[in-house]
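As structure tokens, the structure follows; a few thoughts come after it.
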Amino acid sequence: MKKLVLTTLLASSALMVFAKTADAEEVGKDKTDVGIKFETDGPVKPGSGPFKDNLSLVFVPSSFDFGNQKAVANIATYNNTFKEAQYITVNDDRQGTTTGEGENAVTTTTAWKVTASMSDLVSTGDSATSLPSKLTFDLGDAQAYTIGTKIDQDTNDFIPNPIEENTSKLPEPNNIILGDGKTKSISLEAGKTTAVQILGKSKADAVKGGFVTKISNVKLNVTSGSNASGKTFKSSVNWSLDNTY
């Protein structure tokens, strides 16, 4: 990740201080806030690996951002400000188990699932305030993803291909499940520790490689913002990949 450092230099030859005269009287006072925000590297961030010969979480959204909003006491819904596509991507490069011989040989890999949970949405600063809320989003149809064969010489691990232009239709039949298998709309309640299923492979089969679903329509629903005025709130979505379904 690139780091941008801003340094303010005050040159002695150009710095002038104007003293207040003895009879000067301040007749007005106000202030203007100055701020700057630096974006992340992109809409998704890669996992830590290892990817080669492993089951791995390859990409997750880098962040969900809902901008600066006016606090309201009642229920309010805010949209994710990210305009670029965001994804959840899994890659299965495990060796698997082979049964049969010759032309009848079949190699299968076991089931897996990705789940998510959301931590409390808490204000920053000395006095922490929790904001009752939930994060909602929709899942796109599952597709195949090709991680590629490019190798990092330092780690001897795959360097994952970008998602765009490296997806295709999933082979049939497959056991890939979106959400709970009934709906592709996901809801994560802030502070609720029970994980929600996002993407999974329900049972062992011969379909391996990469799997991806696009995340869209991301919204933050705040059920009460009466204590939110003037505060900044932060939370995190924790994604977990397990090798069972």
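The table that follows gives values for the structure above.
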| read-out | value |
| --- | --- |
| Residues satisfying the stated conditions in the stretch 84-117, i.e. loosely packed, with under 11 Cβ neighbours inside 10 Å and of a type in the set (A, V, I, L, M, F, W, C) | 105 |
| Subset of the stretch 216-237 (residues that are of a type in the set (D, E, K, R) and outside any strand (DSSP E or B)) | 231 |
| Qualifying positions in the stretch 201-225 - within 27 Å of residue 149 (Cα to Cα) and either of a type in the set (A, V, I, L, M, F, W, C) or within 17 Å of the chain's Cα centre (by Cα) (or both) | 204, 206, 207, 211, 212, 213, 214, 215 |
| Criterion: among the β-branched types (Val, Ile, Thr), out of contact with any helix residue (DSSP H, G or I) (no Cβ under 9 Å at 6 or more places or on another chain), modelled with pLDDT under 95 and open to solvent by 30 Å² or more (accessible area, probe 1.4 Å) - qualifying residue of 237, 222 | 237 |
| Where residue 244 falls short, out of the listed (1) farther than 14 Å from residue 113 by Cβ; (2) surrounded by fewer than 17 Cβ atoms within 10 Å (Cβ to Cβ); (3) not charged (D, E, K, R) | (1) |
| Out of 125, 140, sole residue that is closer than 30 Å to residue 194 by Cβ and exposed (fewer than 14 other Cβ atoms within 10 Å of the Cβ) | 125 |
| Strands (runs of 3 or more DSSP E) within the stretch 144-215 that include 2 or more residues among the acidic types (Asp, Glu), open to solvent by 20 Å² or more (accessible area, probe 1.4 Å) and in contact (Cβ under 8 Å) with a residue 40 or more places away in the chain | none |
| Any hit, the stretch 42-51, residues being out of contact with any Asp or Glu (no Cβ under 6 Å at 6 or more places or on another chain), of a type in the set (S, T, N, Q) and open to solvent by 40 Å² or more (accessible area, probe 1.4 Å) | yes |
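The values are calculated or read from the model by the stated rules, or taken from the named source; none is laboratory data. All values reported here derive from a predicted model rather than from experimental measurement. As a convention, Cβ positions derive from the backbone with ideal geometry for all residues, glycine included, and neighbour counts pool all protein chains shown. We work out accessible area using only protein heavy atoms, side chains counted, and drop any ligands, DNA or RNA first. Shrake-Rupley method; radii C 1.70, N 1.55, O 1.52, S 1.80 Å.
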